[in-house]
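Below is one structure, written out as structure tokens; the observations come after it.
The values are calculated or read from the model by the stated rules, or taken from the named source; none is laboratory data. Just so it is clear, the structure is predicted and the values come from calculations on it, not from any experiment. Ideal geometry is used to build each Cβ from the backbone, glycine not excepted, and the neighbour counts take in all protein chains shown. The accessibility values were calculated without ligands, DNA or RNA, using every heavy atom of the protein model including side chains. Shrake-Rupley method; radii C 1.70, N 1.55, O 1.52, S 1.80 Å.
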Amino acid sequence: MKRVLLALLFTGLQLLAGVAHAQPLNLGYVSVQHPSHGMTSFFYPTLEAESPQRRGPFSLSWAADAPLAPGNGRLIVISHGSGGSPWVHTDLARELVLHGFVVVVPTHMGDNAADNKTPGPESWKKRPAEVSRAIDVTLAMPKFLDKLDPNKVGVFGGSAGGHTALSMAGGVWSPARFRDHCLANIEADFASCVGFTTRLTGGILDGARLWLARRTISSRFGDETPQSHDDPRVKAVVAMVPFAADFDPASLATPRVPLGLITAARDVNQVPRFHIEAVKAACLPRCTDLMTLPDAGHGAMLSPMPPLEPGSIGERLLADPPGFDRAATVPLIHKKIAEFFEKNLLNP
């Protein structure tokens, strides 16, 4: 018996030594350009060395088109925010990759950094189908073919991407519900209803801005058709600072998959009481209050943070509030997201 125990101990020490000296995972990257769907970006585990990369104003690092290293066999889709890009989610993608996931970021057409012609409900109707298409594309790529479980997919989204994520979790919304929310609450939730085009300043022009916004919203968003999307491959969802005021609360009372929610209490872009707090009121405890960040603003979902012009609307809506410790908090957000997906996609 003593010899058996010693042999088991020796084997265990060998295994630990092997883990300790295993080559660490790095970030691999490849993209596919489609004439009608735009660019789809893929981040994945690799053993190849990374090199510096420049994308617009961002200094990044990855191993371009490197071989895939063994991971956990699960896929995560990141739905970027309005006017967004893959680059502002690179740090989250890296954390997910270090946990063994493959990550795909589709371009949401008409609502991305290069083409922002149709944000809001017009984009929200198309986004869930674009997520499903990204899953199709990933599973069919030679690099990932037969390497991923096609029925254990996760979705993360923030802001407009959070709206997409809630749709993937079973949420039902309509443009008319968006209209009704904005007509009732436009002064208190102006940025959610109008976006980055203008803002209320407390000056004499605010009356004209409110009149024009109400008229535009009333004329454009009268469609009462319920909007929903069901992709049975999606088995876990995380929504951070989502636009959510246009969802029927009953549709999210019992999410069809495990749903994690992340709240930034000082969000002035999607004011929490109209959006994520309404979702939590409908679904807790059948969803997970993954994190509530008391000092965070809307931009906590972005890492790296894009450059914000001083005094701009973007700075007002996205800049970190005073007292927010980005260096300590954002990595913790990413870790919590990765652990949520591990719990709900890897465990039986």
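For residue 95, only one of the following conditions fails: (1) under 29 Å from residue 244 (Cβ atoms); (2) part of a loop (DSSP other than H, G, I, E, B); (3) of a type outside the set (A, V, I, L, M). What is its number?
Failing condition for residue 95: (2).
Enumerate the pairs (first residue in segment 144-172 and farther than 25 Å from residue 121 by Cβ and of a type in the set (Lys, Arg); second residue anywhere and part of a loop (DSSP other than H, G, I, E, B) and open to solvent by 10 Å² or more (accessible area, probe 1.4 Å)) with beta-carbon separation below 9 Å, excluding pairs fewer than 6 apart on the same chain, so at least 6 apart or on different chains.
What qualifies is 147/68; 147/70; 147/71; 147/73; 152/73; 152/74; 152/233; 152/346.
Do we find a residue being closer than 23 Å to residue 268 by Cβ, in contact (Cβ under 8 Å) with a residue 60 or more places away in the chain and not in a helix (DSSP H, G or I) anywhere in segment 323-345?
no
Could you check, for segment 152-160, whether at least one of its residues is basic (Lys, Arg), open to solvent by 10 Å² or more (accessible area, probe 1.4 Å) and more than 30 Å from residue 214 (Cβ to Cβ)?
yes
Could you please find all residues in segment 98-134 being within 26 Å of residue 175 (Cα to Cα) and either part of a strand (DSSP E or B) or touching a Leu at 6+ places or on another chain (Cβ under 7 Å) (or both)?
Of everything in segment 98-134, those that are within 26 Å of residue 175 (Cα to Cα) and either part of a strand (DSSP E or B) or touching a Leu at 6+ places or on another chain (Cβ under 7 Å) (or both) turn out to be 105, 106, 112.
Consider segment 70-107. How many of its residues are on the phi > 0 side of the Ramachandran plot and open to solvent by less than 10 Å² (accessible area, probe 1.4 Å)?
Count: 1.
Starting from segment 74-99, keep only residues that are farther than 19 Å from residue 329 by Cβ, then list their pairs with residues that are among the acidic types (Asp, Glu) and surrounded by 24 or more Cβ atoms within 10 Å (Cβ to Cβ) whose Cβ atoms are within a distance under 9 Å, requiring at least 6 positions of separation or different chains.
80/111; 82/111; 83/111; 84/111
So residue 140 passes all but one of these: (1) without any contact (Cβ under 8 Å) to a residue 12 or more places away in the chain; (2) over 23 Å from the mean Cα position of the chain (by Cα). Which condition number does it fail?
(2)
Please go through segment 175-198 and give me each residue that is open to solvent by 80 Å² or more (accessible area, probe 1.4 Å) and closer than 24 Å to residue 117 by Cβ, ordered by number.
177, 196, 197
Based on what the data block shows, is residue 277 over 18 Å from the mean Cα position of the chain (by Cα) and either loosely packed, with under 15 Cβ neighbours inside 10 Å or in contact (Cβ under 8 Å) with a residue 12 or more places away in the chain (or both)?
It is false that residue 277 is over 18 Å from the mean Cα position of the chain (by Cα) and either loosely packed, with under 15 Cβ neighbours inside 10 Å or in contact (Cβ under 8 Å) with a residue 12 or more places away in the chain (or both).
In segment 116-137, how many are open to solvent by 30 Å² or more (accessible area, probe 1.4 Å) and touching a residue at least 24 places away in the same chain (Cβ under 8 Å)?
The qualifying residues number 6.
Test residue 254 against the criterion of being out of contact with any helix residue (DSSP H, G or I) (no Cβ under 6 Å at 6 or more places or on another chain), part of a loop (DSSP other than H, G, I, E, B) and of a type in the set (Val, Ile, Thr), and give yes or no.
yes
Can you find even one residue in segment 108-128 that is on the phi > 0 side of the Ramachandran plot, touching a strand residue (DSSP E or B) at 6+ places or on another chain (Cβ under 7 Å) and not hydrophobic (A, V, I, L, M, F, W, C)?
Scanning segment 108-128, I find no residue that is on the phi > 0 side of the Ramachandran plot, touching a strand residue (DSSP E or B) at 6+ places or on another chain (Cβ under 7 Å) and not hydrophobic (A, V, I, L, M, F, W, C), so the answer is no.
Looking only at segment 226-246, count every residue that is open to solvent by 10 Å² or more (accessible area, probe 1.4 Å) and either aliphatic (A, V, I, L, M) or not in a loop (DSSP other than H, G, I, E, B) (or both) and tell me the total.
The number of residues fulfilling the criteria is 3.
Condition check: within 21 Å of the chain's Cα centre (by Cα), outside any strand (DSSP E or B) and among the aliphatic types (A, V, I, L, M). Does residue 66 satisfy that?
The answer is no for residue 66.
In segment 302-322, how many are open to solvent by 70 Å² or more (accessible area, probe 1.4 Å) and in a loop (DSSP other than H, G, I, E, B)?
Residues that pass the stated criteria total 4.
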